[in-house]
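Notes follow the structure.
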Amino acid sequence: MAKAIGLITANYSTKFPSPLTDSRPAASIPFLGRYRAVDFALSNMVNCGIRTVGMVMPYNYRSLIDHVGSGREWELTRKSGGLFILPGSAFGTSRTGSRFLLRDLAHNKVFLERDNADLVAVSACNWVYNVDYNEIFAAHEASGADITVLTQAARDKDVDVCSFDVVDGRVKGIKHGAAFGDTAFLDCFVVGREKLLELLDWYAANDYLDLFEALAGDYDRVNVQAYDFEGYAAPIFNKDTYFKANMDMLDPKITHELFSVRPIATKAHDNQPAKFVTGAKVSNSRISGSCRIYGTVTNSILGRGVVVEKGAVVDNAIVMQGCTIKSGAKVEYAIVDRNNVVPEGTEIKGTEAAIFIQAKA
Amino acid sequence: MSKKELLAMLLAGGQGSRLYDLTKDVAKPAVSFGGKYRIIDFPLSNCANSGITAVGVLTQYRPYLLHSYLGTGSAWNLEDGVAILPPYATQTGGAWYAGTADAVTQNLGYIEMNDPDYVIILSGDALCRMDYADMLATHKANNAELTIAVMPVPWEDASRFGLLVADETGRITEFQEKPPVPKSNLASMGIYIFNTDLLINELRLDDANPESSHDFGGDIIPKLLADGRRLYTYKFEGFWRDVGTIASFHETSMELLGEKPSFDLFEKDFPIMSNTLSLSYPPAYFGPDANVDDCIVGNGSKIYGDAIHSIVSIDSVIGKGAVVKDSVLLPGAIVKDGAKVINAIVGENSTIEEGVEFGSADAGKDYAFCGNNVVIGKEE
């Protein structure tokens with residue numbers, strides 16, 4: 001019997017709509033060219049031996065289902081256990097900003113009741129990190145906590161990140177927003193399966209709240225312990241943090257930690273290796289499969305199948321899958337969403353302080 | 001098991017001894033090629049792109065990697081799957097595959113189980129893009145019993161090949177194995193479509209013949225010709241390369257490069273598929289001083305130095321100040337800082353130590369190569 005099952009709440013919707021999340025849930029936002037945000041939550045669970053994962057779906061789930069499919073890439077196509085697609089709140093009732101809406105969890109009590117694992121690992125998918133759940137399980141058992149939350153001292157001020165008041169390792173309260181150095185919540189926690197069911201019953205009348213909001217008056221009664229994560233973690237809630245986290249991937253030390261120690265799986269595609277012709281110039285960049293580079297790419301992240309024509313320049317930019325940057329065009333301090341063709345001679349230009357977003361074509 | 005029109009039998013048991021250390025640990029069809037592929041991806045993709053749904057893969061030499069790579073065949077969208085067919089024992093004993101025909105003879109049960117109308121025999125170690133459905137259409141149009149894919153070769157090289165002499169309708173009149181005086185320049189590609197009944201019948205006869213070397217080219221085809229059977233050619237004019245030697249492996253790799261390569265991996269109509277399920281590397285990284293000129297580069301690789309006119313496969317590394325030129329780095333190869341790799345093939349997960357020069361710019365010299373999992377230091 002596996003010790004834990006996983007539950008991913010993929011139905012978080014952003015508070016500040018951006019063109020990147022107009023057409024897709026935050027869980028399936030592309031990251032580092034070939035990944036999507038959900039890959040981290042899913043892979044982290046699978047890497048520590050979890051073989052039963054429920055995923056609470058957002059209302060606009062097309063791209064997410066397309067990506068995770070039957071869970072094959074995460075070895076979740078199984079006879080026992082595997083990937084469970086769970087319904088989320090109906091359109092219009094999900095609250096923005098809530099990661100662990102009680103109603104979504106209560107909807108899916110059957111998923112929790114049908115397994116007999118001791119623990120449930122619960123994660124949203126708005127963060128990029130590679131964590132070993134076995135360490136959290138061990139801390140959870142050692143401390144005898146009801147809930148163990150994954151935290152890290154905030155590296156930046158971020159209004160979208162939640163943070164905890166923590167006294168001697170025990171959580172006393174939660175607030176929206178994190179200032180530098182606050183105990184940021186990495187939107188991941190471990191809880192006893194039966195304890196979670198019990199909490200869902202307790203708060204059944206307040207199911208419009210987030211679990212941690214519902215706990216607000218009860219932190220003395222419910223023992224919530226913080227577990228400090230020492231590795232690289234980056235939130236990707238909004239345009240600026242999303243851009244910054246992608247650019248962090250230009251540091252091979254970070255990508256080594258994130259992708260090489262325990263693998264992050266993603267949907268497999270039959271992409272060719274990237275191709276570079278004579279005259280191409282590429283530096284400090286990440287280039288995905290099926291890209292064809294004839295021009296110049298610097299300080300950028302390119303998704304699958306991007307074509308940068310002769311004389312085109314991409315600098316300090318994220319260019320997503322299937323875009324073509326035509327000859328003489330220039331993309332700078334910008335995020336170019338999928339399938340855009342940037343015409344000859346055009347400039348798509350933001351600044352370091354104000355990254356421009358070109359919506360999906 | 002449902003009836004199939006065309007079943008593929010893919011001969012993948014060869015050692016590929018002329019690839020030396022590249023096939024020390026793996027069968028030739030499992031050797032990496034083209035940045036992220038293995039040689040067997042090409043015939044398997046052809047099968048899938050031709051509408052074939054079931055492929056029997058005959059394996060024998062060093063099969064572990066090949067077997068695990070093939071899996072169920074779902075990576076190539078083969079809905080009836082890949083059947084891995086190594087030699088096996090029966091109540092009357094068992095034996096290694098003695099020849100190409102013997103390998104198929106020992107697996108006639110697999111063919112009978114699938115009950116196809118036609119069987120296509122493929123080689124697991126050549127590189128081409130070929131529509132087997134078109135070949136089958138030709139086979140049917142000719143009302144042939146056996147169709148052999150042929151390609152025109154230069155007349156001056158013709159005597160190195162098994163040649164087929166055909167009349168104006170494509171009917172084969174004569175087979176010449178490496179003749180001193182060629183009567184034809186149509187070389188056999190080792191790709192055959194048989195009517196299933198004929199194949200089964202002939203293989204049983206061949207099996208019982210103690211004189212036979214149990215080879216399609218050497219025994220089966222000459223006998224069918226002598227019997228007056230309807231043998232036809234299928235002329236193939238596209239890209240086809242045997243990658244069986246170090247030189248042809250290197251040169252064919254280089255043919256993937258350039259703006260208009262002879263073999264274009266990016267051709268959309270006939271995609272090359274591979275088993276990428278286990279390959280979740282991040283996109284290739286290019287350092288601040290990287291220089292990449294006329295290359296293909298796989299995911300997970302890290303380039304800090306110069307990559308010129310080369311294949312940089314998945315998960316390989318080119319260190320600071322290192323130069324890789326006119327070379328092939330197989331997956332996981334590491335070229336450390338300041339090393340130079342020129343006109344060479346570096347095996348999977350092998351390392352060229354700092355400052356070492358591997359290979360030579362001298363065009364008169366043979367290509368340098370090393371096998372998998374080796375370290376090339378200063379003293380070698």
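The values are calculated or read from the model by the stated rules, or taken from the named source; none is laboratory data. Every value quoted in this text rests on a predicted model; they were computed, and no experiment measured them. Virtual Cβ from ideal backbone geometry, glycine too; neighbours counted across all protein chains shown. These accessible areas exclude ligands, DNA and RNA; they are computed on the full protein's heavy atoms, side chains included. Shrake-Rupley method; radii C 1.70, N 1.55, O 1.52, S 1.80 Å.
Magnitude of the charge dipole for the protein assembly as shown, about its Cα centre and with charges confined to Cβ atoms of Lys, Arg (+1) and Asp, Glu (-1), is about 1160 debye. Relative to its residue count, region B:254-374 spans a Cα convex hull of 113 Å³ per residue. Per residue of peptide A:291-302, the mean number of Cβ atoms on other chains within 10 Å of the residue Cβ is 2.
Seen from B:LYS235, the other residues with C-beta closer than 14 Å to its C-beta sum to a net charge of -4, counting Lys and Arg as +1 and Asp and Glu as -1. What whole number of Å gives the distance from the Cα centroid of region B:219-274 to the Cα centroid of region A:21-86? Rounded to whole Å, the Cα centres lie 40 Å apart.
For region B:201-320, the alpha carbon convex hull comes to 202 Å³ per residue, rounded to a whole number. On the beta carbon distance between A:PHE180 and A:ASP22, with R0 = 45 Å, the FRET formula returns roughly 0.90. Ordering A:CYS188, A:ILE254, A:ILE136 by the projection of their Cα atoms onto the charge dipole of chain A, which places +1 on the Cβ of Lys and Arg and -1 on the Cβ of Asp and Glu, puts A:ILE254 at the extreme positive end.
Could you work out the Kirkwood radius for region A:275-358, taking every pair of different alpha carbons, averaging 1/r and inverting it, reported in Å?
Result for region A:275-358, one decimal place: 11.9 Å.
Taking all C-alpha pairs of region A:309-361, those more than 18 Å from each other amount to 18 percent.
Estimated translational diffusion coefficient (Stokes-Einstein, Kirkwood radius over Cα pairs, 37 °C, 0.692 mPa s) of chain B: 150 µm² per second. Per residue, the solvent-accessible area of chain B (1.4 Å probe, heavy atoms of protein chains only, all protein chains present) comes to 40 Å². Of the accessible area of region A:1-154, computed with a 1.4 Å probe over protein heavy atoms only, carbon and sulfur atoms account for 51 percent.
Calculate the FRET efficiency for B:SER2 and B:SER74 from the Cβ-Cβ distance with a Förster distance of 25 Å, rounded to the nearest 0.05.
0.90
The orientation-averaged projected area of the convex hull spanned by the Cα atoms of region B:150-203 comes to 4.3 nm².
Neighbouring Cβ atoms from other chains, within 10 Å of the Cβ of residues in B:288-296, number 6 on average. Counting only protein heavy atoms and a 1.4 Å probe, region A:1-72 has 30 square angstrom of accessible area per residue. Helices in the protein assembly as shown, meaning DSSP H runs of at least 4 residues, each add -39500 (n - 2.57). Divided by all residues, the mean residue ellipticity at 222 nm is -5000 deg cm²/dmol. Computed over the alpha-carbon pairs of region B:98-229, the distance histogram in 10 Å steps reads 11, 42, 38, 8, 0 percent, short to long.
By how many degrees, 0 to 90 and rounded to 10, does the Cα axis of helix A:38-47 deviate from the longest principal axis of chain A? Helix A:38-47 sits at roughly 60 degrees to that axis.
When restricted to Cα atoms, the protein assembly as shown yields an Rg and a Dmax of 29.4, 96 Å, respectively.
Accessible surface ranking for B:ASP80, A:ASP220, B:ASP215, A:ASP158, 1.4 angstrom probe, highest first: A:ASP220, B:ASP80, B:ASP215, A:ASP158.
Computed over protein heavy atoms with a 1.4 Å probe, the accessible surface of region A:275-358 works out to 33 Å² per residue.
Would you please calculate the Kirkwood hydrodynamic radius of region B:1-130 over all C-alpha pairs and express it in Å, rounded to one decimal?
Here the Kirkwood hydrodynamic radius works out to 14.9 Å.
Relative contact order, whole percent, for chain B stands at 15, derived from Cα pairs under 8 Å and 6 or more residues apart.
Each label was represented as a point 7 Å from its Cα along the Cα-to-Cβ direction; for B:GLN15 and B:LYS178 these points are 1.7 nm apart. For chain A, the longest principal axis of the alpha carbon atoms and the long axis of helix A:193-202 meet at an angle near 80°. Residues whose amide H comes within less than 5 Å of that of B:VAL292, counting only those at least five positions distant or on another chain, are A:VAL282, B:ALA307 (H built at 1.01 Å from N in the peptide plane).
The interface between chain A and chain B buries about 3000 Å² of solvent-accessible area in total (1.4 Å probe, ligands and nucleic acids excluded).
Per residue, the convex hull spanned by the Cα atoms of region A:4-259 amounts to 118 cubic angstrom. Binned at 5 Å from 0, what are the whole-percent values of the Cα-Cα distance distribution for region B:326-380, short to long? Going from the shortest bin to the longest, the percentages are 6, 24, 32, 27, 9, 2.
If R₀ is 60 angstrom, what is the calculated FRET efficiency for the pair B:LYS223 and A:ARG262, using the beta carbon separation as r and rounding to 0.05? Mind dumping the intermediate values first?
Numbers: r = 58 Å, r/R0 = 0.97.
Efficiency, rounded to the nearest 0.05: 0.55.
Between B:ASP117 and B:SER159, the contour length at 0.36 nm per residue exceeds the alpha carbon distance by 11.7 nm. Per residue, the average separation of C-alpha pairs within less than 8 Å and at least 6 apart gives region A:203-361 a relative contact order of 12 percent. Note on surface exposure: B:VAL374, B:VAL55 rank B:VAL374, B:VAL55 by accessible area, highest first, 1.4 Å probe. Dividing the radius of gyration of the alpha carbons in region A:109-176 by their Kirkwood radius gives 0.98 for Rg/Rh.
Report the local net charge at B:SER253: Lys and Arg +1, Asp and Glu -1, summed over other residues whose C-beta lies under 11 Å from its C-beta.
-2
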